[in-house]
Amino acid sequence: MNLKSYLKEAQKKQYALGQFNFSTLEQLRGIFLAAQELKKPIILGTSPGEISYLGIKEAIALVEISKEKYKVNAFLNLDHAKDFDIIKEAIDYGYSAVHFDGSYLTLEENIKKTKEIVEYAHKKNVLVEGEVGAIKTESSKIYNQKFKINEEDLTQPEDARRFIEETGVDSLAISIGNFHGIELKGKNPKLRLDRLTEIKKKTGKTFLVLHGGSGTRKEDIKKAIKLGIVKININTELRIAYYQGLKRNFQKKNFELAPYKYLPLAIKKVKEKTIEKIKLFSL
Ligand code: 13P
């Protein structure tokens, strides 16, 4: 099955595929081990920042080798790309999907640029995720203060409809009170599920994507899937898991110095967190 058929199946059966971001072999290994154990397909996300560290060809090669090694169906998605050059590179080198984040543009400009990307990507059978409505903040942050949902940042259902009609995107990232990163106490504000219901009515069969999955309340995730979300992105919680694995080693008096001895702790933590998320997103 290709990515599109998995997303279609998710829509039909009401579950969501997880997109898990990575920039190191250890994170990737943790994610693959989780998918292998649960026998589930996964989407792997790499942002331009993550790619600038790992390298796009390295990411593709590592994923290809891991797919074979762990017998897992995995699909690469370029996450939050704003620049056509890197998008083209990902498409040409073999990513399954690309996310063009034009949410910082006016709706007209966003439509124009997204349309160009869709034309290029679809020729090569690569899916395109567009974005309407602003998703603020970053995945590397644990926010100390309360996150306030700004009504103006939420996706307008009519904008979403127009965007899909005029661009032909396959998936749409929406803003319904979700944000990248987590609040210090680990529980983000409730999602605006009323807005999701309105967006779903206007967007039909387009795959709806929830960014900023870390810290989102379990009950909100379950409800959002019932209301039409088919892909959920997770990054911050995996980064925290990785860090906790490393911290456990370096806090010991006689800590291990050989990476191959302490990195398995980070892999284990990432695996456990990914298992928790895949289970939450499943039927
Ligand atoms: P979190 O860092 O909040 O999990 O969000 C990840 C994300 O949306 C990547 O696109």
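The values are calculated or read from the model by the stated rules, or taken from the named source; none is laboratory data. Keep in mind that what you see is a predicted model, and the values were worked out from it rather than measured. All Cβ positions, glycine included, derive from the backbone under ideal geometry; neighbour counts span all protein chains shown. Surface accessibility is based on the protein's heavy atoms, side chains included, excluding ligands, DNA and RNA. Shrake-Rupley method; radii C 1.70, N 1.55, O 1.52, S 1.80 Å.
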Restricting segment 58-98 to trypsin sites (Lys or Arg not before Pro) in coil, as DSSP defines it, with at most 16 other Cβ within 10 Å: Lys71, Lys82
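Return one whole number: the accessible area per residue of segment 3-282 in Å², for a 1.4 Å probe.
47
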Computed over segment 42-82, the ratio Rg/Rh where both radii use C-alpha atoms and Rh is Kirkwood: 0.99
Placed amide H near Leu127: partners under 5 Å, 5+ positions off or other chain: Ala97, Val98
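Residues with beta-carbon under 13 Å from that of Val126, excluding Val126: net charge, scoring Lys, Arg +1 and Asp, Glu -1? Please report the intermediate quantities before stating the final value.
Details: positive: Lys4, Lys88, Lys123, Lys124; negative: Glu89, Asp92, Glu119, Glu129, Asp170.
Around Val126, the surrounding residues sum to -1.
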Label zone at Leu184 (point 7 Å along Cα-to-Cβ), backbone N below 12 Å, segment 144-172: 144-147
Violating pairs (Cα-Cα greater than 23 angstrom) within the set Lys187/Lys252; Lys82/Lys136; Lys113/Lys187: Lys187/Lys252; Lys113/Lys187
Charge dipole (debye, nearest 20) of segment 1-96; +1 at Cβ of Lys and Arg, -1 at Cβ of Asp and Glu: 600
Restraint check, Lys4/Lys146; Lys222/Lys271; Lys190/Lys231; Lys71/Lys205; Lys12/Lys218, Cα-Cα greater than 25 Å: Lys4/Lys146; Lys71/Lys205
Carbon plus sulfur fraction of accessible area for the chain, probe 1.4 Å, in percent: 52
Low-density loop cleavage sites - trypsin sites (Lys or Arg not before Pro) in segment 1-65, where at most 14 other Cβ are within 10 Å (DSSP): Lys39
Segment Glu64-Glu272, length gained on full extension (0.36 nm per residue, minus Cα span): 72.6 nm
Spin-label model distance (nm) - Leu105 vs Glu119, 7 Å beyond Cα toward Cβ: 1.3
Net charge of Cβ neighbours under 13 Å - reference Lys57; Lys, Arg +1; Asp, Glu -1: -4
Within a Gaussian network of the chain (alpha carbon springs, distance under 10 Å), most fluctuating of Thr46, Thr167, Thr106: Thr106
Karplus-derived 3J(HN,Hα), 6.51/-1.76/1.60, for each residue of segment 274-281, Hz, glycine and proline x: 5, 4, 4, 6, 4, 4, 5, 7
Whole-number D in µm² s⁻¹ for segment 3-282, Kirkwood Cα-pair radius fed into Stokes-Einstein, 37 °C, 0.692 mPa s: 174
Rough spin-label spacing in nm, given labels placed 7 Å along Cα→Cβ, for Leu283 and Thr137: 3.4
Most mobile listed residue (Arg192, Arg162, Arg248) in the chain, GNM with C-alpha springs under 10 Å: Arg248
The chain: calculated mean residue ellipticity at 222 nm from DSSP helix runs of at least 4, using -39500 (n - 2.57): -16000 deg cm²/dmol
GNM flexibility winner over the chain from Ile174, Ile51, Ile229 (Cα, springs under 10 Å): Ile51
Projected label distance in nm at Lys82 and Lys222, using a 7 Å step from Cα toward the beta-carbon: 3.8
Karplus-derived 3J(HN,Hα), 6.51/-1.76/1.60, for each residue of segment 77-90, Hz, glycine and proline x: 10, 7, 9, 6, 7, 10, 10, 4, 4, 6, 5, 4, 4, 4
Shape call, segment 126-171: gyration tensor on alpha carbons, a/c limit 1.5: oblate
